[in-house]
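What follows is one structure encoded as structure tokens, with my remarks underneath.
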Amino acid sequence: MTTLRIATRKSPLALWQSEHVAAALRTAHPGLQVELVPMSTRGDEVLDRSLAAIGGKGLFLKELELAMQRGDADCAVHSLKDVPMDLEPGFALAAILERGDAADAFVSNRFADIDALPQGARVGTSSLRRQAQLRARRPDLRLLDLRGNVNTRLAKLDADDYDAIVLACAGLQRLGFEARIRARLDPPRWLPAPAQGAIAIECRDGDAATLALCAALDHAATGTCARAERAMNRALHGSCHVPVAAHARLDGGQLLLDGLVGSADDGTLVRAHADGRSGAPEALGEQVAQSLLRAGAGALLPHDAA
Ligand SMILES: NCc1[nH]cc(CCC(=O)O)c1CC(=O)O
């Protein structure tokens, strides 16, 4: 292969992540040409409705997968947290890169932390997972929808549409907005989306040349943590319709996983934790999912799930 073409969304964060992957591929394989193929997806274009209403996370992947199917691109770069638990048939994850910051961030121009917000303050986030954890901590807050890419969301905060917003630390850091983080929302008290902060490369299943090139970028420890978090989410039939959060970390040969299921309506949170061997991340994810269900999480999930 002389040129590897990476399909990417056009948002500044997607372009940053795809450039990051391109640079890592060029370093790992001197002489390899790597090009970006930027494209727009329905998830980026339809901003007036919730992701859940227009079809869920897969929307961000669809156009990129079609480009790979047509042969216009060899692989696609995604935030792993936006990748559905089950890929479309014919596609595979070629690599999961070393994770950045997994935590969420509290961002505000006036207030230092969630606890410093005045009664009834307006907080922007369309994520059910963030809404549930905000409700649990501060039932008085007014939670308002906020979609669009990271730059758009910061602009809406600056236009005073909100008193505060919650975003991923990783996205802010990658785009040079680290200074806008007023407070980190660290695990285990506040849990991020499964696989938040990790970048994944998707390619056609069986594309041996692309799989081999991308394998050089795979980070085993990140893959282990992400697999545990995603297995928990899968066992709960997690999607963007359900507030599910998870965070795993490795400590020596031990894998530690915290998970929660919540209600964005009333701020109920059901939590569970388990540790296990790092060699069996999926089993640990399923174990935490079972603990969550025993603790009553089933009542928070859609009726056909779990
Ligand atoms: N929801 C969109 C999205 N997908 C990935 C990230 C951040 C980067 C990452 O998690 O790797 C973001 C922005 C955000 O949630 O603030």
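I'm trying to understand the selection: among the residues of the range 213-247, which are under 19 Å from Ser127 (Cβ atoms) and assigned to a loop (DSSP other than H, G, I, E, B)? Leu236, His237, Gly238, Ser239, Cys240, His241, Val242, Pro243 - these are the residues of the range 213-247 that are under 19 Å from Ser127 (Cβ atoms) and assigned to a loop (DSSP other than H, G, I, E, B).
Whether a residue is surrounded by fewer than 21 Cβ atoms within 10 Å (Cβ to Cβ) and of a type outside the set (Phe, Trp, Tyr) was assessed, and Arg230 does not pass this test.
Of all residues in the range 195-247, exactly one satisfies the criterion of being in contact with a Ser or Thr (Cβ under 6 Å, 6 or more places away or on another chain) and farther than 22 Å from Ala168 by Cα, namely Cys203.
Of the residues that sit in the range 242-295 and are among the polar types (S, T, N, Q) and touching a helix residue (DSSP H, G or I) at 6+ places or on another chain (Cβ under 6 Å), which one is surrounded by the fewest Cβ atoms within 10 Å (Cβ to Cβ)? I'd like the intermediate steps shown before the answer.
In the first step, residues of the range 242-295 are kept if they are among the polar types (S, T, N, Q); the result is 254, 263, 268, 278, 287, 290-291.
Add one more test, that the residue is touching a helix residue (DSSP H, G or I) at 6+ places or on another chain (Cβ under 6 Å), and what stays is 263, 278.
On the way: Ser263: 18, Ser278: 20.
Of everything passing the filter in the range 242-295, Ser263 is surrounded by the fewest Cβ atoms within 10 Å (Cβ to Cβ).
For the range 187-196, the criterion of a residue being open to solvent by 10 Å² or more (accessible area, probe 1.4 Å), in contact (Cβ under 8 Å) with a residue 24 or more places away in the chain and away from the ligand (no atom under 13 Å from the Cβ) is satisfied by at least one position. Taken over the range 138-162, the criterion of being in a helix (DSSP H, G or I) and closer than 16 Å to Ile181 by Cβ is satisfied by Val150, Asn151, Arg153, Leu154, Leu157, Asp158.
When each of Ala295, Ala264 is tested for being small (Gly, Ala, Ser) and closer than 22 Å to Thr125 by Cα, the lone residue that passes is Ala264. When Ile201, Ile165 are checked against the criterion of being in contact (Cβ under 8 Å) with a residue 60 or more places away in the chain and in a strand (DSSP E or B), a single residue qualifies: Ile201. Restricting the range 56-82 to residues that are away from the ligand (no atom under 16 Å from the Cβ) and assigned to a loop (DSSP other than H, G, I, E, B) leaves a set whose member that is surrounded by the fewest Cβ atoms within 10 Å (Cβ to Cβ) is Gly71.
Taking first residues from the range 112-128 that are part of a helix (DSSP H, G or I) and partners that are open to solvent by 50 Å² or more (accessible area, probe 1.4 Å), the Cβ contacts under 7 Å between residues at least 6 apart in sequence or on separate chains come to Ile114/Arg137. Every condition in (1) free of Cβ contacts under 8 Å to residues at least 12 places away in the same chain; (2) away from the ligand (no atom under 15 Å from the Cβ) is met by Ala155 except one, and the failing one is (2).
Evaluate the following for Thr222: is it of a type in the set (Ser, Thr, Tyr), at pLDDT 95 or above and within 15 Å of the ligand (Cβ to nearest atom)? Talk me through it step by step, then tell me what you get.
Details: of a type in the set (Ser, Thr, Tyr): yes; at pLDDT 95 or above: yes; within 15 Å of the ligand (Cβ to nearest atom): yes.
Yes, satisfied.
Taken over the range 83-128, the criterion of being under 12 Å from Asp163 (Cβ atoms), within 16 Å of the ligand (Cβ to nearest atom) and basic (Lys, Arg) is satisfied by no residue.
Being in contact with a Leu (Cβ under 9 Å, 6 or more places away or on another chain), under 26 Å from Gly253 (Cα atoms) and open to solvent by 10 Å² or more (accessible area, probe 1.4 Å) is the requirement here; does Asp163 meet it? It would help to see each step written out before you state the result.
Details: in contact with a Leu (Cβ under 9 Å, 6 or more places away or on another chain): yes; under 26 Å from Gly253 (Cα atoms): no; open to solvent by 10 Å² or more (accessible area, probe 1.4 Å): yes.
Considered against the rule, which asks whether it is in contact with a Leu (Cβ under 9 Å, 6 or more places away or on another chain), under 26 Å from Gly253 (Cα atoms) and open to solvent by 10 Å² or more (accessible area, probe 1.4 Å), Asp163 comes out as no.
Residue-level check: of (1) closer than 30 Å to Leu32 by Cβ; (2) outside any loop (DSSP other than H, G, I, E, B); (3) open to solvent by 20 Å² or more (accessible area, probe 1.4 Å), Thr210 misses just (3). The single condition from (1) open to solvent by less than 10 Å² (accessible area, probe 1.4 Å); (2) among the aliphatic types (A, V, I, L, M); (3) not in a helix (DSSP H, G or I) that Met85 fails is (1).
The values are calculated or read from the model by the stated rules, or taken from the named source; none is laboratory data. Not measured: the values here are computed from a predicted model. Note: ideal-geometry Cβ built from the backbone for every residue, glycine included; neighbour counts use all protein chains shown. Please note that ligands, DNA and RNA were not included when accessible areas were found on the heavy atoms of the full protein model with its side chains. Shrake-Rupley method; radii C 1.70, N 1.55, O 1.52, S 1.80 Å.
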